[in-house]
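Undergrad: Provided herewith is a single structure, encoded as C-alpha cells, for subsequent inquiry.
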Amino acid sequence: MNLDTLFNNLLTCGIGLSDSETLRKLRILNTFHLAAIMAAPLLGLFYFYAGALILFYVTIVIGLLMICSFLILRKSKSLVLGAHFAIAILWAFLFLVSWNTGAITFEGVIHPTWLLNGSLILLAVLMMGYFHGSLWTMVMFVQVGIIVYLYQIRFQFPNLLPMEMTALYHLGTFMIGFLILVLFAFLFEREREDALLREEVRAQALRESKKYIDDILERSPVPTFIIDRSHRVVQWNPACQTLTGVSANAILGKSVWEGFTMGRQGSLADMVLAEPEAVREGFQETVPSGSESGWYEMDALLPHFKNGRRMRLSAGALLDETGAVRGAIQTIREVAEASSEGALSESGQANEAFVSPVYKVNARGRISSWNRGCEEVFGYPSSEMIGRNAAELISGRYRPLFEEAVTRAFQGETPGTKTWRCQHRDGKPVYVAARVCLLQAGNGGEKECAVVNANVTDITLRLKKSENEAMEAKEKLKILSEEHGLLKKNIASFIRKTEDQG
C-alpha cells in the first residue's frame with residue numbers, strides 16, 4: 001500500500017464504497033481533525049511560553065480529545081456523530097480560550113474568537129446540513145447572551161496573556177478566523193459547483209434513459225401508448241399508428257383515442273390511473289392473479305374499435321422514484337396473439353400470425369412445430385427444424401437451463417421467464433427471453449410444451465458492450481495509476497541526483 005492510498009484510507013475512514021458526497025464530507029471533516037491535532041501542540045507551546053498554563057493544559061487535552069473524535073468517526077463511520085463530537089470539542093476549546101483571554105475586550109469590542117465560532121457553524125452546515133447548523137447557531141446565541149449579561153453586570157473576565165502581547169494575539173486570532181471563513185467560502189462554492197455538475201450528470205442520464213425508452217417504444221411491434229397524470233397521451237408508438245390509422249401528431253396532448261375506450265371510464269390506462277381498485281373489482285374474472293404488481297391484463301370488447309373487436313389489453317401505472325403515480329402505459333393486441341396459448345391454433349399448430357417466435361417441443365425433446373416468427377429470428381426454415389433436438393438450438397452453457405425449464409413445464413410447474421442464448425443459422429448469437437408452458441393434449445395425443453420467445457439481442461449485446469467498456473476503462477485506469485507512480489519515483493530520483501550533484 002503506497003502513501004497516497006494510505007492517506008486516502010485515513011481521510012475516508014476506510015470506506016471503500018460509498019457515494020461521492022459522503023466521501024467528500026468525510027475527507028473535509030478528517031482534514032479538520034488532523035489540522036486540529038497537529039496545531040494543538042504548537043498552540044499549547046505558545047500558551048506555555050506566554051505564561052497561560054491553564055490554556056496550555058486545555059490545549060493539550062483538546063488535542064487528545066480530537067484524536068478520540070477522529071477514532072470514533074473512523075469506528076462508527078457516522079458523519080453526524082463525528083461532526084457533532086468534533087464541533088463540541090472545538091466549541092468548548094474556543095469558549096475556554098475566549099473566557100481566559102478577556103471574552104469581551106477594549107470596552108465592548110467583540111473578541112476575535114467569535115469569528116472562529118462562526119466558522120464552527122459553517123462547518124456544521126457543510127457537514128450535516130442547515131438543521132444541524134441551526135442547532136449550533138442556537139448554542140452560540142446562548143453563549144453570547146451569557147457573555148453579554150456578565151459584561152452588563154461588570155464581571156471582570158480573566159486575561160492570562162501579558163498586556164504587551166494582547167494586541168498582537170487578538171490580531172492574529174482575527175486573521176486566522178478570517179482565513180478560515182474565506183476557506184469555507186471556497187468550500188461552499190466548490191459544493192455549489194459539484195451540485196450543479198451532479199445535477200447535470202443526472203439530467204443527462206435522464207435524457208439518455210428517456211431516449212432509450214423512446215427508442216424501445218418506437219421499435220416495439222406491440223401497439224403501445226402512455227398517458228400522463230392529466231390523462232393526456234404523451235407517447236403513441238408507430239405500431240399504434242398502424243393499428244388505428246391515427247398519427248402521433250394528431251393524438252399527442254389529447255385524450256386517448258375513442259377506439260380504445262371501454263365506456264365512460266375511458267381506456268384501461270385511464271381506469272388504472274384514476275381508480276385501480278375499481279379495475280380489480282369490476283373485472284375480477286378477467287384480470288390475472290399477477291396484478292399485485294400493479295399490472296392489469298384482460299380480454300375485453302372495444303365497442304368503438306372496428307365495429308367492436310375483442311382485444312387483449314394490458315396496462316400499468318408508471319411511478320417515479322418516490323412512488324408517486326406519474327402516468328400509465330397500455331398495450332393492445334389481438335386476442336389470438338396475446339398469450340402463449342393464443343400463439344397456437346386449435347389444431348395445435350403454431351399460429352403464423354403470432355408476432356413472437358414460438359415453437360413446440362414434445363416429450364422426447366424434439367421440435368414438433370416451428371412458426372414464421374422463428375424462421376425470421378433464428379434463420380432456420382421449419383423443414384430443417386421439425387424433428388430436430390430443441391436443445392441443439394441453445395448455446396452449450398445455457399442448455400441445462402433450457403432443459404430444466406422444459407422438464408419443469410412437463411411436470412406441470414411454471415418455470416417463469418428465462419433468458420438464454422441461441423444460435424442463428426448464420427452463426428450470430430440470438431438472445432431471447434423465453435417462457436415455457438405446457439399444452440393440453442387432446443384426444444389422447446402426446447403432451448407438448450410451447451416455447452414463447454422474445455428477442456432481446458440488442459439490449460443484451462448493449463449491456464455486454466457497456467460491461468466490456470467498463471472493464472477496459474478500469475484496466476486503463478490501473479495502467480495510468482502504475483505509470484503515474486513510476487513517474488513520481490523517477491522525478492524523486494532525478495531530484496535526489498540533482499541535489500547530490502549540487
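Undergrad: In the range 175-187, what residues are touching a helix residue (DSSP H, G or I) at 6+ places or on another chain (Cβ under 7 Å) and open to solvent by less than 90 Å² (accessible area, probe 1.4 Å)?
TA: Correct list: GLY177, ILE180, LEU181, PHE184, LEU187.
Undergrad: Now for a different question. Tell me whether the range 423-432 contains one or more residues that are within 14 Å of TYR359 (Cβ to Cβ) and open to solvent by less than 20 Å² (accessible area, probe 1.4 Å).
TA: yes
Undergrad: Could you list, ordered by first residue, the pairs with Cβ atoms under 8 Å in which the first is in the range 412-429 and of a type in the set (Asp, Glu) and the second is modelled with pLDDT of 85 or more and open to solvent by less than 60 Å² (accessible area, probe 1.4 Å), at least 6 apart or interchain?
TA: Pairs found: ASP426/GLY379.
Undergrad: Does the range 302-317 hold any residues that are open to solvent by less than 60 Å² (accessible area, probe 1.4 Å), assigned to a strand (DSSP E or B) and out of contact with any Ser or Thr (no Cβ under 7 Å at 6 or more places or on another chain), and which are they?
TA: Those that are open to solvent by less than 60 Å² (accessible area, probe 1.4 Å), assigned to a strand (DSSP E or B) and out of contact with any Ser or Thr (no Cβ under 7 Å at 6 or more places or on another chain): LEU302, MET311, ARG312, LEU313, ALA315, GLY316, ALA317.
Undergrad: If you go through the range 458-475 one residue at a time, do you hit one that is crowded, with 16+ Cβ neighbours inside 10 Å and modelled with pLDDT under 85?
TA: yes
Undergrad: Can you run down the residue pairs with Cβ atoms below 6 Å, 6 or more apart or on separate chains, where the first is in the range 137-162 and within 30 Å of PHE48 (Cα to Cα) and the partner is assigned to a helix (DSSP H, G or I) and open to solvent by less than 90 Å² (accessible area, probe 1.4 Å)?
TA: Partner pairs satisfying both residue conditions: MET140/ASN117; PRO158/ASN100; LEU160/ASN100; LEU161/TYR169.
Undergrad: So which residues in the range 43-76 are touching a residue at least 60 places away in the same chain (Cβ under 8 Å) and closer than 21 Å to LEU122 by Cα, if there are any at all?
TA: Within the range 43-76, LEU73 is the sole residue that qualifies.
Undergrad: So which residues in the range 81-100 are open to solvent by 40 Å² or more (accessible area, probe 1.4 Å) and either touching an Asp or Glu at 6+ places or on another chain (Cβ under 6 Å) or without any contact (Cβ under 8 Å) to a residue 24 or more places away in the chain (or both), if there are any at all?
TA: LEU81, PHE85
Undergrad: Out of the residues in the range 208-254 that are of a type in the set (Lys, Arg) and outside any loop (DSSP other than H, G, I, E, B), state the one that is most open to solvent (accessible area, probe 1.4 Å).
TA: Only one residue tops the list, namely ARG219.
Undergrad: In the range 255-278, how many residues are open to solvent by 60 Å² or more (accessible area, probe 1.4 Å), at pLDDT 85 or above and either on the phi > 0 side of the Ramachandran plot or of a type in the set (S, T, N, Q) (or both)?
TA: Final tally of qualifying residues: 1.
Undergrad: Looking at this structure, is ALA185 within 30 Å of ALA248 (Cα to Cα), without any contact (Cβ under 8 Å) to a residue 12 or more places away in the chain and not polar (S, T, N, Q)?
TA: No, not satisfied.
Undergrad: Ok, one more. Can you go through GLY172, GLY118 and tell me which one is assigned to a helix (DSSP H, G or I) and either exposed (fewer than 14 other Cβ atoms within 10 Å of the Cβ) or on the phi > 0 side of the Ramachandran plot (or both)?
TA: So the residue among GLY172, GLY118 that is assigned to a helix (DSSP H, G or I) and either exposed (fewer than 14 other Cβ atoms within 10 Å of the Cβ) or on the phi > 0 side of the Ramachandran plot (or both) is GLY172.
Undergrad: Additional query: Test each condition in (1) at pLDDT 80 or above; (2) open to solvent by less than 90 Å² (accessible area, probe 1.4 Å) for ALA205 and report the one that comes out false.
TA: Of everything listed in (1) at pLDDT 80 or above; (2) open to solvent by less than 90 Å² (accessible area, probe 1.4 Å), ALA205 misses just condition (1).
The values are calculated or read from the model by the stated rules, or taken from the named source; none is laboratory data. Here the structure is a predicted model, which is why all the values come from computation and not from measurement. Neighbour counts run over all protein chains shown; Cβ positions are idealised from the backbone, glycine included. For the accessible areas, the whole protein counts, side chains as well, though only heavy atoms, and no ligand, DNA or RNA atoms are used. Shrake-Rupley method; radii C 1.70, N 1.55, O 1.52, S 1.80 Å.
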